[in-house]
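The values are calculated or read from the model by the stated rules, or taken from the named source; none is laboratory data. Please read these numbers as outputs of a predicted model, since none were measured by experiment. Because the Cβ atoms are built from the backbone with ideal geometry, glycine has one as well, and the counts that use them run over all protein chains shown. Please note that ligands, DNA and RNA were not included when accessible areas were found on the heavy atoms of the full protein model with its side chains. Shrake-Rupley method; radii C 1.70, N 1.55, O 1.52, S 1.80 Å.
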Amino acid sequence: MSRKLKQGFATRAIHVGQEPDPGTGAVVPPVYQTTTFAQEDPGIHRGFIYSRAQNPTRTSLEQNLASLEGGRYGIAFASGMAALSALVMHFGAGDHFVVGENIYGGTYRVLTRVFNRFNIKCSWVDSRSVDNIAAAITSTTRAVIIETPSNPMMTLSDIEGTARLARDRDLLCVVDNTFMSPYCQRPLELGAHVAFHSVTKYLAGHSDVLMGVLITSEDDLAEDLYFVQKSVGAVPSPFDCWLASRSLKTLAVRIEQHSRNALTLARFLDEHSEIKRVYYPGLPTHPGHELAARQQSTPDGHPVFGGMISLETGSLERARMFIKNLAVFTLAESLGGVESLVEHPAIMTHADVPREKREALGLTDGLVRLSVGIEDLADLQDDLAAGLAALA
Ligand code: P1T
């Protein structure tokens, strides 16, 4: 039946690119675990030639991700860093980016220690203020890159204001949407040109797939990004694409539970005397709360704050003690999986950000980051209570 439906987010997450297999009727499309495709005559094929260039399982996933972000094109890569690197390869020597200074440590590292070798230049600004971004734009600036909420300080940047500035100045506006997922925040709807994800996190959601994606509606940009994708070849495997497609089907329900758990735990931590400060945009005391409530919303329009919380314990010793006494939260890098994780950004994810820069951002040795999973809330709260008791 071909009836045109106006489909909601959860419906698209389950069905776009996931139509039953026409050959067999299999409701779940198979994984095309193949590197190459038979041709009838040289150059005569069915649109698939070699899996670095295209693979049906990857195409299905790319269509699904594009639909969820409200974009026309999705271009998938072997990791979030591979996706960002492909985007940088759209540009060339001498080009300049204005980048939000509070950003994932790996993004900082690849821009300052790899792409600097190719004379790509960056200015690092406090992107909480659009004026700061405007002031850093030069005649060679080609793009503005922000991450909101930021990893790990949970600072908010105004996507709509940043995108307006970028459009006025003929620059690309790129938003790392990893912490939110398109269920919570859709940068393209707010005017950005590119939404970027570490699919590894909420989108794949089970800590078993490493992947990245770029989503855009810009025809020329997408054409070049597909060209970079097949030329450089940092593509995800068909099986990983299949796993990610399966995971997206539960994105809406997972994010609701991550967010519900995190909001309760953030309030619990915020009221606790052993914790100096809680960074969670869902708390009314968070300086970005109003902006978060405006630009972070579920597809049906209610504010949503996601599953990431950072907290200030006061010192490295206290941070270590707190972490040591957790049993349900596992000490590990990464985030966005169904299981709760805890990590120490200064020693772990953000160790490559120089100490002075970390301290200027508030990323102290006492800072601890939680990725709140979807376990029973009572178990998570008891676990945090045990960590806090050890600090008393
Ligand atoms: O790990 P990878 O899939 O390459 O994605 C990199 C990346 C990009 N953007 C953000 C906001 C991220 O958080 C990450 C990866 N972050 C972690 C591994 C971490 O623990 O913070």
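Values for this structure:
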read-out: Hits in the range 199-232 - residues which are farther than 30 Å from residue 372 by Cα, open to solvent by less than 10 Å² (accessible area, probe 1.4 Å) and within 16 Å of the ligand (Cβ to nearest atom); value: 229
read-out: Hits in the range 83-113 (condition: of a type in the set (A, V, I, L, M, F, W, C), assigned to a loop (DSSP other than H, G, I, E, B) and within 15 Å of the chain's Cα centre (by Cα)); value: 103
read-out: Single residue of 367, 326 found to be over 25 Å from the mean Cα position of the chain (by Cα) and open to solvent by less than 30 Å² (accessible area, probe 1.4 Å); value: 326
read-out: Selection count, the range 50-84, where residues are of a type in the set (Lys, Arg) and surrounded by 21 or more Cβ atoms within 10 Å (Cβ to Cβ); value: 1
read-out: Test: residue in the range 193-202 that is assigned to a loop (DSSP other than H, G, I, E, B), free of Cβ contacts under 8 Å to residues at least 60 places away in the same chain and farther than 30 Å from residue 376 by Cβ; value: yes
read-out: Hey, residue 332 farther than 22 Å from residue 105 by Cα and of a type in the set (A, V, I, L, M) or not; value: no
read-out: Filter pass, residue 46 being part of a loop (DSSP other than H, G, I, E, B), open to solvent by 10 Å² or more (accessible area, probe 1.4 Å), of a type outside the set (Phe, Trp, Tyr) and more than 13 Å from the ligand (Cβ to nearest atom); value: yes
read-out: Residue tally, condition touching a strand residue (DSSP E or B) at 6+ places or on another chain (Cβ under 8 Å), part of a loop (DSSP other than H, G, I, E, B) and under 21 Å from residue 108 (Cα atoms), over the range 337-361; value: 4
read-out: Residue check, residue 281 buried (at least 22 other Cβ atoms within 10 Å of the Cβ), out of contact with any strand residue (DSSP E or B) (no Cβ under 8 Å at 6 or more places or on another chain) and closer than 23 Å to residue 104 by Cα; value: yes
read-out: Candidate set: the range 161-182, residues that are of a type in the set (Ser, Thr, Tyr) and within 12 Å of the chain's Cα centre (by Cα); chosen: the one nearest to residue 102 (Cα to Cα); value: 178
read-out: Check on residue 11, open to solvent by less than 50 Å² (accessible area, probe 1.4 Å), in the same structural domain as residue 218 (by TED's automatic domain parsing) and assigned to a helix (DSSP H, G or I); value: no
read-out: Candidate set from the range 95-116 (those that are more than 12 Å from the ligand (Cβ to nearest atom) and open to solvent by 30 Å² or more (accessible area, probe 1.4 Å)); member that is nearest to residue 162 (Cα to Cα); value: 101
read-out: Positions within the range 123-173 being open to solvent by less than 20 Å² (accessible area, probe 1.4 Å), assigned to a loop (DSSP other than H, G, I, E, B) and not hydrophobic (A, V, I, L, M, F, W, C), in sequence order; value: 127, 148, 149, 150, 151, 152, 157
read-out: Output for the range 150-172, where each listed residue is away from the ligand (no atom under 16 Å from the Cβ) and closer than 16 Å to residue 291 by Cβ; value: 158, 160, 161, 162, 163, 164, 165
read-out: Residue match in the range 146-157 (condition: without any contact (Cβ under 8 Å) to a residue 40 or more places away in the chain and in the same structural domain as residue 222 (by TED's automatic domain parsing)); value: no
read-out: Any pair with Cβ under 8 angstrom, 6 or more apart, that starts in the range 372-392 at a residue that is more than 12 Å from residue 324 (Cα to Cα) and open to solvent by less than 60 Å² (accessible area, probe 1.4 Å) and ends at one that is in a helix (DSSP H, G or I) and of a type in the set (Ser, Thr, Tyr); value: 377/264; 381/264
read-out: Helices (runs of 4 or more DSSP H) fully within the range 222-311 counting 2 or more residues that are of a type in the set (Asp, Glu); value: 251-270
